[in-house]
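The values are calculated or read from the model by the stated rules, or taken from the named source; none is laboratory data. In this text, all values refer to a predicted model and were calculated from it rather than measured experimentally. Glycine also receives a Cβ, built like all others from the backbone with ideal geometry; neighbour counts cover every protein chain displayed.
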Amino acid sequence: MTRIIIQGIAGRMGRAVFELVAQREDCEVVAGVDRIDPGLGVPVAARIEELPVRGDVLIDFSSPEATRAALTYCRGALLPCVICTTGLTEEDQTLIRQAARTIPVFQSANMSLGINLLMDLAQKAARLLGPGYDVEIIEKHHHNKLDAPSGTALMLLGAIQQAADTPYEPVVYGRHAAKEKRGSREIGIHAVRGGSIVGEHEVLFCGPDEVITLSHSAGSRSVFANGAVNAALFLVNSANKVPGLYSMKELIQSL
């Protein structure tokens, strides 16, 4: 039985992970970390250093500041961790890479298998269609989401840039700043915030006389919770706790 600690257990995703794990027989949530106790029947520490029990793996759906504390704690405790928090800086990414030298770290801005398929399709489209098609990325999320553009939109951008023969430049975040013709190698990213949208992403390849749209829509947070739990079990079991930085690519290969 894999013992899971959830950082951000009082948040939407933390609760979704808890509810999913409660339905499984191969793992259990033994503790949480959050500023408030959501009353889920497990001990909750306000700070990760105050955890009253040990676990086998940590799932982090929190904030960049809390993620930094989690990395320090996990390195000291030799605890594998799954980092799902978005809005991280390049300095945070450096901390993640440093931690991965000591412990297994799984990181993805989006834990959905479908999103990772979308990334693969977007790469194939970028290679096939080439510079004759303008590329735009549109992401939509609920009105409580703090970071924009989403981490997933940035993942899609990175995947497309990696596949392109010539990088798209510049990257334009919205088009209000300048009233001018679109550049032939620009790539646009647009963020929508409203209501209770769980997560929607579209990649548009706009060419002469046609538009190709690749899209993904999440119906509930259980999609991401399921990916996070599978990643946690992957670190504990498949990876055999070997230090390193793991991603959805390794998880999909293991499945």
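Could you tell me whether the stretch 78-90 includes any residue that is out of contact with any Pro (no Cβ under 6 Å at 6 or more places or on another chain), polar (S, T, N, Q) and modelled with pLDDT of 95 or more? No, the stretch 78-90 contains no residue that is out of contact with any Pro (no Cβ under 6 Å at 6 or more places or on another chain), polar (S, T, N, Q) and modelled with pLDDT of 95 or more. Scan the stretch 234-251 and give yes if some residue there is surrounded by fewer than 13 Cβ atoms within 10 Å (Cβ to Cβ), farther than 23 Å from Asp120 by Cα and in contact (Cβ under 8 Å) with a residue 60 or more places away in the chain, otherwise no. Yes - at least one qualifying residue is present in the stretch 234-251.
Among the residues making up the stretch 3-26, a single one is touching an Asp or Glu at 6+ places or on another chain (Cβ under 6 Å) and charged (D, E, K, R): Arg3. Put simply, of Gln93, Gln7 the only residue that is in the same structural domain as Ala228 (by TED's automatic domain parsing), over 22 Å from Glu250 (Cα atoms) and among the polar types (S, T, N, Q) is Gln7. Would you confirm, using the coordinates I've provided, whether Thr67 is modelled with pLDDT under 95 and closer than 22 Å to Asn226 by Cα? Spelling it out, it is not the case that Thr67 is modelled with pLDDT under 95 and closer than 22 Å to Asn226 by Cα.
Here the stretch 224-244 is the region considered, the condition is being under 19 Å from Ser62 (Cβ atoms) and hydrophobic (A, V, I, L, M, F, W, C), and the residue that is modelled with the lowest pLDDT is Phe224.
Evaluated against (1) in contact with a helix residue (DSSP H, G or I) (Cβ under 8 Å, 6 or more places away or on another chain); (2) at pLDDT below 95, Ala178 falls short on exactly one condition, (1). Residues of the stretch 100-153 that are buried (at least 16 other Cβ atoms within 10 Å of the Cβ), among the basic types (Lys, Arg) and either more than 14 Å from the chain's Cα centre (by Cα) or modelled with pLDDT of 95 or more (or both): Lys140 alone. Only residues that are among the acidic types (Asp, Glu) and under 18 Å from Ala125 (Cα atoms) were counted in the stretch 170-190, giving 1. The number of residues in the stretch 75-115 being touching a Ser or Thr at 6+ places or on another chain (Cβ under 8 Å) and of a type in the set (S, T, N, Q) comes to 5. Of all residues in the stretch 230-253, those satisfying the criterion of being over 13 Å from the mean Cα position of the chain (by Cα), among the aliphatic types (A, V, I, L, M) and part of a helix (DSSP H, G or I) are Ala232, Leu233, Leu235, Val236, Leu251, Ile252.
Determine whether the stretch 9-22 contains at least one residue that is in a helix (DSSP H, G or I), surrounded by fewer than 19 Cβ atoms within 10 Å (Cβ to Cβ) and not hydrophobic (A, V, I, L, M, F, W, C). Yes: the stretch 9-22 contains one or more residues that are in a helix (DSSP H, G or I), surrounded by fewer than 19 Cβ atoms within 10 Å (Cβ to Cβ) and not hydrophobic (A, V, I, L, M, F, W, C). Do the conditions hold for Tyr173, that is, is it without any contact (Cβ under 8 Å) to a residue 40 or more places away in the chain and surrounded by 19 or more Cβ atoms within 10 Å (Cβ to Cβ)? Judged against the criteria, Tyr173 is not a match.
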